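Report on the structure given below.
What follows draws every value from the coordinates through simple rules; no lab data is involved. Model, not experiment: these values are computed from the prediction. Ideal geometry is used to build each Cβ from the backbone, glycine not excepted, and the neighbour counts take in all protein chains shown.
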Amino acid sequence: MDKSNEKSEFSARLRQQLALKGWSTNKPTWLARQFNSRFEGQPVTVQAVNNWLTGNAIPSQDKLRVLAAWLEINAEWLRYGETLLPERQRLATSNQGVPFYGLTDLPEKIEKLTARQKRVIYDVVDAMLDAGTNSNR
């Protein structure tokens with residue numbers, strides 16, 4: 001597949017997912033603002049986002065991961081449009097599109113921490129849950 005097809009197919013998948021969420025597919029300013037509020041790196045420009053929407057560019061992998069997590073889809077699918085094997089799909093989309101790395105052993109690791117370290121973990125998780133609850137209102 002040539003690069004222009006890859007870009008236009010990425011754009012189609014991105015616009016499809018935005019539409020499925022009920023969001024506009026032709027407002028790059030809104031999308032740039034939404035994206036930049038979630039991305040910890042250098043903010044993207046409205047022109048860059050417009051290029052994503054019009055099939056002129058594909059974002060870098062770190063940006064793809066943020067887009068996919070926000071859209072609650074698989075980053076590999078967003079980028080390539082490929083269907084993954086069921087096990088890879090489950091692993092890749094665990095935690096709403098953010099890769100699920102070794103969390104099965106998290107309780108075991110936490111158990112090895114000191115009481116003070118465990119309290120820090122508890123406080124962080126509690127704060128994150130509170131922030132999530134407040135943002136869903």
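Assuming charge only on the beta carbon of Lys and Arg (+1) and of Asp and Glu (-1), the dipole of segment 3-93 about its Cα centre is about 220 debye to the nearest 20. Note on segment 3-93: percent of Cα-Cα distances in each 10 Å bin, starting at 0 and stopping at the bin with the largest distance, equals 17, 54, 26, 3.
Couplings 3J(HN,Hα) for segment 56-67, derived from phi with the Karplus relation 6.51 cos²θ - 1.76 cosθ + 1.60 (θ = phi - 60°), are 9, 7, 10, x, 5, 4, 5, 6, 4, 4, 5, 4 Hz, where x marks Gly and Pro. Applying 1/(1 + (r/R0)^6) with R0 = 25 Å to the Cβ-Cβ distance of Lys27 and Ala131 gives a FRET efficiency near 0.40. A simple spin-label model places pseudo-atoms 7 Å from Cα toward Cβ; at Leu113 and Ser60 they are separated by 3.1 nm. Taking other Cβ atoms within 10 Å as a rough exposure proxy, Ile110, Ile73 sort from fewest to most as Ile110, Ile73. Counting Lys and Arg as +1 and Asp and Glu as -1 over every other residue whose Cβ lies under 10 Å from the Cβ of Thr54, the net charge comes to +2.
Listed by chain and number, the lysines whose C-alpha is less than 17 Å from the C-alpha of Lys63, apart from same-chain residues fewer than 8 away, are Lys7. Counting every other Cβ atom within 10 Å of each residue's Cβ, Leu129, Leu53, Leu14 order from fewest to most as Leu129, Leu53, Leu14. Here the Karplus relation 6.51 cos²θ - 1.76 cosθ + 1.60, evaluated at θ = phi - 60°, turns the backbone of segment 29-35 into coupling constants of 5, 5, 5, 4, 4, 4, 4 Hz, with x for every Gly and Pro.
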